[in-house]
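J.: Attaching a single structure in C-alpha cells format; questions to follow.
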Amino acid sequence: MQKLLGLMVILICVFGGFLMANGQLMALWQPAEMVIILGAGLGSLIVGNSTAVLKGIWQQLKAICRGQKDDAALYEQLLPLMHQLLQETRLKGLKALDGHVEAPQNSPLFSQAPLVLAHPELLGFIIDNLRMLGMGKLSAHELEALLELEVEALEECMLKPSHALAKAADAMPGFGILAAVMGIIITMQHLDGPLTYIGVHVAAALVGTFLGIFVCYCLFSPASHAMEQWVGRRITALECVCAILVSHISGKSPLLAVDAGRKIIEQDIKPSFIAMESWMTDLEAN
C-alpha cells in the first residue's frame with residue numbers, strides 16, 4: 001500500500017503539474033519513444049545479467065509491492081524456535097537435532113514456525129549451521145568468522161538484482177537521449193514541411209528525454225533502493241541467528257543466547273525482552 005501511495009503521489013505531482021502549466025497529456029503519449037527507451041532498458045538487463053538475477057529482480061519487485069507486514073511476525077516465530085532448538089541441544093546434545101535439520105518440514109519444532117519455513121535462505125542457514133555444529137566442535141571465534149563469511153556471501157548474492165536494476169536506472173536518461181536523437185533525425189528529414197509539423201516532431205523527440213529521466217528517477221531508482229532495503233531485512237534475520245549460535249557456543253544459556261539475537265533486530269520491529277519471553281512461554285504451554 002505504501003509503495004502504491006508513493007507511485008500515485010509521483011504521477012499526480014508530475015503529470016498534474018504538467019496540466020497546471022497548460023500542457024496536454026496527449027502530447028506525452030509517444031508509443032514509439034516508449035518502445036525505444038523501455039525496450040533498450042529491458043534488453044540491457046537481459047544482456048548484462050544472468051537468468052537467476054533476472055528472476056531475482058522479478059521476485060524482489062513482487063516482494064516490495066507486498067510490503068513488509070510479516071517482518072515482525074517472523075521474529076515472533078524465529079526467536080522461540082531458536083530457543084527450543086538450543087534447549088533441546090542443551091538437554092540431549094547436538095545429535096538430538098538430526099531429525100529436525102534433516103527434515104525440517106516434518107519437524108514438530110519447525111512446523112510451529114511456518115514463516116521461517118517460508119524463507120528458504122533463512123531456513124537453509126539455520127539447518128546448515130546446526131548440522132555443522134553437530135559434525136565437530138568449533139570455538140566461538142571460529143564459528144563467528146565462518147558465519148560472517150557466509151552472511152557476506154549471501155548478502156552479495158541477494159543484492160545482485162537491486163544492483164542490476166540500479167545500473168539500468170542509471171542508463172535510462174541515456175536511452176532517453178537516444179530516443180530524442182532519433183526523433184531529431186526524423187525531424188530533420190521533414191525540414192521542408194509545415195512549421196507545426198516540425199514542432200510536433202521536436203516535441204515527440206523531447207518526450208523521449210523526459211521519459212528516460214522519469215523512468216530513472218521516479219521508477220527504477222526508487223525500486224532498486226526498496227529492493228536493497230528488503231534484502232537488508234532478510235540479512236538481519238541471518239545476523240540474528242548468527243548472534244544466537246555464537247552466544248550458544250560461548251556457553252550462554254538458551255535464553256541469553258536468544259536475547260543476543262534479539263538485540264540485532266531493527267528498532268521498528270524489535271520486540272522487548274518481556275514480549276520475547278512471553279512468546280517462549282506460550283509456545284512451551286502449547
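The values are calculated or read from the model by the stated rules, or taken from the named source; none is laboratory data. No experiment lies behind these values; they were computed from the predicted model shown. When we count neighbours, we look across all protein chains shown, and the Cβ atoms used for this are built from the backbone with ideal geometry, even at glycine. Areas reflect the complete protein model, heavy atoms only, side chains present, ligands, DNA and RNA absent. Shrake-Rupley method; radii C 1.70, N 1.55, O 1.52, S 1.80 Å.
J.: Roughly how tilted is helix 273-285, in degrees to the nearest 10 and between 0 and 90, from the longest Cα axis of the chain?
T.: 60
J.: Hey, how much of the P(r) for region 83-189 falls beyond 22 Å, as a percent of Cα pairs?
T.: Tail of P(r) above 22 Å: 55 percent of Cα pairs.
J.: Moving to a separate point now. Given the peptides 20-28, 237-245, arrange them by the average over their residues of other C-beta atoms within 10 Å, most packed first.
T.: So the peptides 20-28, 237-245, ranked by packing, come out 237-245, 20-28.
J.: Here is a further query. When only Cα pairs under 8 Å and 6 or more residues apart are kept, what is the percent relative contact order across the chain?
T.: Dividing the mean separation by the residue count of the chain yields 25 percent.
J.: Which value in deg cm²/dmol, rounded to the nearest 500, describes the helix-derived mean residue ellipticity at 222 nm for the chain, given -39,500 (n - 2.57) per DSSP H run of n ≥ 4 and division by the residue count?
T.: -26000 deg cm²/dmol
J.: Accessible area per residue of the chain at 1.4 Å probe, in Å²?
T.: 55
J.: Going by alpha carbons, how many degrees (0 to 90, nearest 10) lie between the helix axis of 140-188 and the longest principal axis of the chain?
T.: The answer is roughly 10 degrees.
J.: Now for a separate question. Return the distance in nm (one decimal) between the two label points of a simple spin-label model at Ser278 and Ser250, each offset 7 Å from Cα along Cα→Cβ.
T.: Here the answer is 2.8 nm between the modelled labels.
J.: Here is a follow-up. Out of these labelled values of mean projected area of the Cα convex hull in nm², (i) 14.3; (ii) 18.8; (iii) 16.6, which was calculated from the coordinates shown here?
T.: Working out mean projected area of the Cα convex hull in nm² from the coordinates points to (ii).
J.: For region 99-205, what is the relative contact order in percent, using Cα pairs closer than 8 Å and at least 6 residues apart in sequence?
T.: Over region 99-205, the number comes to 14 percent.
J.: Going by the alpha-carbon gyration tensor, a ≥ b ≥ c the square roots of its eigenvalues, is region 11-160 rounded (a/c under 1.5) or, if a/c is not under 1.5, prolate (a/b greater than b/c) versus oblate?
T.: Prolate is the answer for region 11-160, as a/c is 1.5 or above and a/b outweighs b/c.
J.: Which entries of Lys55/Lys95; Lys95/Lys263; Lys3/Lys55 show an alpha-carbon separation above 32 angstrom in the structure shown?
T.: Check vs 32 Å cut-off fails for Lys55/Lys95.
J.: Give the angle, between 0 and 90 degrees and rounded to the nearest 10, that separates the Cα long axis of helix 2-20 from the longest principal axis of the Cα atoms of the chain.
T.: Roughly 20 degrees between the two axes.
J.: Compute the separation of the alpha-carbon centres of region 29-57 and region 96-161 and state it in Å as a whole number.
T.: 35
J.: Quick one: if you stick a label point 7 Å off each Cα along the C-beta vector at Val202 and Ile264, how many nm between them?
T.: Roughly 6.0 nm, to one decimal.
J.: Just to confirm a number: summing +1 for Lys and Arg and -1 for Asp and Glu over residues other than Glu155 whose beta-carbon lies under 12 angstrom from that of Glu155, what do you get?
T.: -4
J.: Taking the C-alpha atoms of region 202-273, how large are the radius of gyration and the largest Cα-Cα span, Dmax, in Å?
T.: That works out to 21.7, 73 Å for Rg and Dmax.
J.: Shifting gears a bit: Relative contact order (percent) for region 1-125, with alpha-carbon contacts under 8 angstrom and 6 or more residues of separation?
T.: RCO, region 1-125: 19 percent.
J.: Is the shape of region 31-74 rounded, prolate or oblate, going by the alpha carbon gyration tensor and its root eigenvalues a ≥ b ≥ c, with a/c under 1.5 for rounded and a/b larger than b/c for prolate?
T.: It comes out oblate by the Cα gyration axes.
J.: Something else about it: Rank-order 148-155, 266-273, 70-77 by packing density, defined as the average count of other C-beta atoms within 10 Å over each peptide's residues, highest first.
T.: Final packing ranking: 70-77, 148-155, 266-273.
J.: Could you work out the pair-distance distribution P(r) of region 155-225 from its alpha-carbon pairs, with 10 angstrom bin width and percents rounded to whole numbers?
T.: Using 10 Å bins, I get a P(r) of 22, 34, 22, 14, 6, 2 for region 155-225.
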